[in-house]
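Notes follow the structure.
What follows draws every value from the coordinates through simple rules; no lab data is involved. Only a predicted model underlies this, so the values are computations on that prediction, with no experimental measurement involved. Virtual Cβ from ideal backbone geometry, glycine too; neighbours counted across all protein chains shown.
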Amino acid sequence: MLCRVIALLVFVIALPAHASDWVYVSDDVLGMHYINPKKIQYKKRYGTAEFLLLTNLYIDGTKKLSGESLITQYIIYCNPEPKFFNRYRMTSYTKLWGKGKVDDSFVVGTGSWRIEDGKEVEISEFICKDR
C-alpha cells in the first residue's frame, strides 16, 4: 500500500514538471497543441525555425483527452513572413505529454505545404514572433 502511495506521488509530481515545459498554442478536432519554447532552434541564415509540436489527442468527436499523444517535427519558414512549413516525422505515444511506449512513428514527407488551417497560422505566429 505504501509503495502505491509513493508511486502515485512521484507520478503526480513528475507529470506537471514535464508538462510545465510546454506552452499551449492551439487546439482543433485532433487535440490540444503545445510547443516547448526552450527547444525551438532558429536558423537566421535560412529564416527558419525547427521545433516539436506536442498534441494531446482527443477522443474522436469529443473534447475529452484520449490519454494518447502525438509529437510532430516541424520546420517553419519565417522569412520574409510565415508562409511554408515542413512536417518531417510524426511519433505517437500511449500516454499524454509524449510519454509511454511509442505506438507508431512515420516520416510524413519533405515537401512544402502552404499554411492554411487555423492551427498552422497560430503556430507560425507563435514561433516566428521571437525569431
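Take the cross-link list K64/K119; K43/K99; K39/K129; K38/K99; K44/K129; K64/K95 and give me the ones stretching past 21 Å between alpha-carbons.
Working: K64/K119 19 Å; K43/K99 28 Å; K39/K129 15 Å; K38/K99 19 Å; K44/K129 13 Å; K64/K95 14 Å.
Table pairs above 21 Å Cα-Cα are K43/K99.
R0 = 22 Å: FRET efficiency of V29 with N79, Cβ-based, nearest 0.05?
Values: r = 31 Å, r/R0 = 1.40.
Calculated transfer efficiency: 0.10.
With the crude spin-label approximation of a point 7 Å out along Cα→Cβ, what separation in nm comes out for L65 versus K43?
Going by the 7 Å Cα→Cβ label model, 3.3 nm.
Let a ≥ b ≥ c be the square roots of the eigenvalues of the Cα gyration tensor of the range 22-128; is it rounded (a/c under 1.5), or, if not, prolate (a/b larger than b/c) or oblate?
Details: a/c = 1.89, a/b = 1.64, b/c = 1.15.
Since a/c reaches 1.5 and a/b is larger than b/c, the shape of the range 22-128 is classed as prolate.
Around M90, what is the net charge, scoring Lys/Arg as +1 and Asp/Glu as -1 over all other residues with Cβ under 13 Å from its Cβ?
Working: positive: R87, R89; negative: E68, D103, D104.
Charge balance in the 13 Å sphere: -1.
Short version: ³J(HN,Hα) in whole Hz for each residue of the range 90-101, in order, from phi by Karplus 6.51 cos²θ - 1.76 cosθ + 1.60 (θ = phi - 60°), x for Gly and Pro, what are they?
Those phi angles translate into 10, 10, 9, 10, 7, 9, 5, 6, x, 10, x, 6 Hz.
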